[in-house]
Amino acid sequence: MSQRTAEVIAETRSDSSSRRHGGGDDNFVTDLPYMHRVGTPPKQSLFQEIKHSLMETFFPDRPFGKFKDQSGSRKFVLALQSLFPSRNSEAIWLPDSPLQVFAFLRYVHEDDLNYHFHDFAYAKLAYLDPWYGLYASFVAPLVYAFTGTSRDIAIGPVAVVSLLLGSLLSSEISDTKSHDYLRLAFTATFFAGVTQLVLGVCRLGFLIDFLSHAAIVGFMAGAAITIALQQLKGLLGIKDFTTKTDIVSVMHSVWSNVHHGWNWQTILIGLSFLIFLLITKYIAKRNKKLFWVSAISPMISVVVSTFFVYITRADEKGVSIVKHIKSGVNPSSANEIFFSGKYLGAGVRVGIISGMVALTEAVAIGRTFATMKDYSLDGNKEMVAMGTMNIVGSLTSCYVTTGSFSQSAVNFMVGCQTAVSNIVMSIVVLLTLLVITPLFKYTPNAVLASIIITTVVNLVNIEAMFMLWKIDKFDFVACMGAFFVAISFAKILLQVTRPRTAVLGKLPGTTVYRNIQQYPKAAQIAGMLIIRIDSAIYFSNSNYIKE
């Protein structure tokens, strides 16, 4: 075959079939070749081609098809179902018997109340007062329960987004106790929601896919280390601590306070409960049936440490405690958002960044559990739900929330089947805000630091990094440099413009062709090169393929 000429020949063979003739017992197999002529597709106008491309890019699932030829009332019902997916029959669970109610309440008792001790700690990562973590865990899950499509995602503040938000906001306003800092947090939350909502409405969910798994693994690991280092302040009882997040600044701040800044009572409390929490995690990991041991350990730690500090008055000896926690439901913050002035640009910038990171985490978690339970997840509807949730949250004294992997995993293990778990979680937080918060005045910050450290330890996925190293060295490099988005983006461009190709050979005794590197016995045909291109062919890679 010359380089100037190429023929496309499609040849298929009919499936082998056995046919019985008359009354005899003889079978025979027919093997008939067929030649297929490649047809010419119908010609389209330029407008039709553009319309088709746009529809395939932004509306591949044909979301408006169900409205066709429907009555006005039916269209209204369908529109409500689109806006509130949880109203569909599979999304809302109602108990069939009192036993299911008790089972659900058992889940609430063992899990929800315990999980919200994390909210205190996560709010501190964002340099906000502890009660803002509870505010976020009350409103956001309630909104998502009626707008989201995932049956498994648990909504609330998370460590990575809280740390990111705190770092970005403190770089704009160094005085984290000022009222402007709080207003900027609400502003960023509002624009994070707007970003997510716009992405969903404009059907731009595919943009999230450009952040590779390797980049996410590296980002989570780096964030976990940064979070853990920041907790040394509470764990060691240091009062004068750096606001920077790099390891050099943090370690310098730690060792410069070793003689006069460390508090031995705080260290004793923090290390004791850190060891306790790590032991319970180890027990739960070794025996899956004992997952509840790890689940209730933070609640035990908070209750015991609070009681211990109260009876010994360790706070008078330098042990830092939570002190005052506001009680009551969320106050309105609609008038606190910057819609003009010098902080508007900062609020938009921080909101876009934190909104994208929060969205990536939520979609990744949603897809993970949807795959495990074999149901579909509408990414664009998820973005609309997340955006609506954060916009409403910004108006009710909440900061950026998203899906929590740890809480979602616990929900999965205890058997939660629908978004009702988020409604229950909101009810528990409401009761906490109204009744329980004054009881945690004497909770030591060292215990909150211990809880955060044990939480973020799992974010450093060593096994995934080793797997990336074995499978794809470039993915490993992208993982290690995940904070530099250009690396991940460059890898995508390289894969697009230089697609992976495989030389195919024929397996002996068959008509099957496979990659000769994966199947050493596959034989190449003399005088012919057969390759498989693992990518679409278009302008950016056509020259490479031709060469």
- Item | Scope region 434-450; condition part of a helix (DSSP H, G or I) and crowded, with 24+ Cβ neighbours inside 10 Å; matching residues | 445, 446, 447, 448, 449, 450
- Task: Say whether the condition of being open to solvent by 40 Å² or more (accessible area, probe 1.4 Å), under 18 Å from residue 121 (Cβ atoms) and not in a helix (DSSP H, G or I) is met by at least one residue in region 295-304.
- Result: no
- Output the residue which, of all residues in region 232-273 that are in a loop (DSSP other than H, G, I, E, B) and at pLDDT 80 or above, is farthest from residue 320 (Cα to Cα). 262
- Item | Residue, nearest to residue 545 (Cα to Cα), within region 498-518, restricted to residues that are in contact with a strand residue (DSSP E or B) (Cβ under 9 Å, 6 or more places away or on another chain), outside any strand (DSSP E or B) and open to solvent by 90 Å² or more (accessible area, probe 1.4 Å) | 500
- Task: State which residue is surrounded by the fewest Cβ atoms within 10 Å (Cβ to Cβ) when the search covers only region 315-348 and only residues that are in contact (Cβ under 8 Å) with a residue 60 or more places away in the chain and not in a loop (DSSP other than H, G, I, E, B).
- Result: 334
- Query: Of everything in region 385-433 that's modelled with pLDDT of 90 or more and not in a helix (DSSP H, G or I), which residue is most open to solvent (accessible area, probe 1.4 Å)?
  - Reply: 395
- Selected residue (criterion: most open to solvent (accessible area, probe 1.4 Å)) from residues of region 349-365 that are of a type in the set (Gly, Ala, Ser) and farther than 23 Å from residue 181 by Cα: 364
- Item | Pairs, first over 10 Å from residue 152 (Cα atoms) in region 363-375, second of a type outside the set (Phe, Trp, Tyr) and open to solvent by 100 Å² or more (accessible area, probe 1.4 Å), C-beta under 8 Å, six or more apart | 375/90
- Item | Residue count for region 366-384, restricted to those that are outside any loop (DSSP other than H, G, I, E, B) and either open to solvent by 40 Å² or more (accessible area, probe 1.4 Å) or basic (Lys, Arg) (or both) | 7
- What single numbered condition from (1) of a type outside the set (Val, Ile, Thr); (2) farther than 21 Å from residue 400 by Cβ; (3) at pLDDT below 80; (4) open to solvent by 30 Å² or more (accessible area, probe 1.4 Å) fails to hold for residue 310? (3)
- Check on residue 276, open to solvent by 30 Å² or more (accessible area, probe 1.4 Å), modelled with pLDDT under 80 and under 23 Å from residue 457 (Cα atoms): no
- Item | helices (runs of 4 or more DSSP H) enclosed by region 118-217 - at least 1 residues per element that are more than 21 Å from the chain's Cα centre (by Cα), at pLDDT below 80 and of a type in the set (Lys, Arg) | none
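The values are calculated or read from the model by the stated rules, or taken from the named source; none is laboratory data. From a predicted model like this one, the values you see are computed outputs, not experimental measurements. With ideal geometry, Cβ positions are generated from the backbone for all residues, glycine too; neighbour counts draw on all protein chains shown. These area figures cover heavy atoms from the full protein model, side chains too; ligands, DNA and RNA do not enter into them. Shrake-Rupley method; radii C 1.70, N 1.55, O 1.52, S 1.80 Å.
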